[in-house]
Structures are given as C-alpha cells and as structure tokens.
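The values are calculated or read from the model by the stated rules, or taken from the named source; none is laboratory data. Note that this is a predicted model, so its numbers are computed, not measured. We place every Cβ from the backbone using ideal geometry, glycine too, and count neighbours over all the protein chains shown. These accessible areas exclude ligands, DNA and RNA; they are computed on the full protein's heavy atoms, side chains included. Shrake-Rupley method; radii C 1.70, N 1.55, O 1.52, S 1.80 Å.
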Amino acid sequence: MQLDLHQLRELLTAIDQTNISELTLKSGDLELTVRKGTSFSDRLSLPSSDGTDPSEFVSPGTTSLDTTAIKTAPITSGAPPTISNKFEEILSPVVGTFYRAPAPDEPPFVEVGDRITSGQTVCIIEAMKVMNEIEAEVSGQIVEILIENGQPVEYNQPLMLVNPN
C-alpha cells in the first residue's frame, strides 16, 4: 500500500488520540517515526538528498501535527513510501471506559507478547454501568496495548495491535 497525504493525516490523527508517545514503522527502505511533544522545528524533517519539500506532505496548520514529529529514512528505490498493514487492530465496539482486567485485584486478560485466539476475551469496556467483554476477532500475538487502564475510549477506537502470524 502506498502512503499518501490522506493516509498520513489519518495515521497522525489516530496516534494523536492515543497515549502513544512514539511509534516507528519500518517497511523496506522506509522508516517512519512519529513522536509526540517535540518542538516546532523538529516537527517534520525529511532527507535533503531527495529534494522533497516537507510542506508537500503536511500543511503547517494541521492540528493533528501540533504535538507530533515525523522523520523518514531515505528511500533508495525511487518508489513512493509505503506502510505495511502487518498488524490487525482490535477496535472498541462502544464508547466507554477501558479495563484490562475483570476486576482491580485480578491480573489483566492479556499482556504484550501474549498469544491470543479468536473469540478470547482481551479486555472490558464499561458503558453505562454495563461491563462488555471484548473478544478478539483474530488469532495472533499482542504487539501493543494502545489504551491505559481506566481510560475513556471512543467507538471504533483501536485498543490493541495483533500480529496475526
């Protein structure tokens, strides 16, 4: 998949809405690092050897970039940047509060690195005083838990990343 301006903005918006402070994606000759909380001068830097003007990718007024920095590695093939869709997302089916464990004194349903199977409960979303067990729709290994315990979540917000391999 090619990385275009629309996809880059969607990625930055999604990251901006999470507690992720740094994310690095690598695919072939492309390396994309996104960091929150950097200064304006560090916000966007591309290799000068490719002659690309950073303003071609992101306009300075984009609100999702106000706390995000992007750095890319040189692309030697001349092909457009791509991002691999290697990981599957577990999405929140409701608006509510995210809980990693069935009770405060019990261990979490899953940890980063755990192998899960389709249909396995991975977390709870409390919505209107109802505890909704969220089941994985994919089998694989938990790569990242994107939400902190007790944090509010939106409908369709990514909760976890799963490597289906």
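Applying a threshold of 6 Å to beta carbon distances and a minimum spacing of six or more residues, or different chains, the list of pairs starting in segment 92-105 at a residue that is in contact (Cβ under 8 Å) with a residue 40 or more places away in the chain and within 10 Å of CYS123 (Cα to Cα) and ending at one that is open to solvent by 70 Å² or more (accessible area, probe 1.4 Å) and assigned to a loop (DSSP other than H, G, I, E, B) reads PHE98/GLN151; ARG100/ASN149. Residues that are out of contact with any Asp or Glu (no Cβ under 9 Å at 6 or more places or on another chain), within 21 Å of GLU22 (Cα to Cα) and aliphatic (A, V, I, L, M) within segment 94-153 comprise VAL143, ILE147, VAL153, listed in sequence order. Every test in (1) modelled with pLDDT under 85; (2) out of contact with any Pro (no Cβ under 6 Å at 6 or more places or on another chain) is passed by PRO108 save one, and that test is (1).
Of all residues in segment 86-123, those satisfying the criterion of being under 15 Å from GLU144 (Cβ atoms), open to solvent by 60 Å² or more (accessible area, probe 1.4 Å) and within 19 Å of the chain's Cα centre (by Cα) are LYS86, PHE87, GLU88, GLU89, LEU91, GLU111, VAL112.
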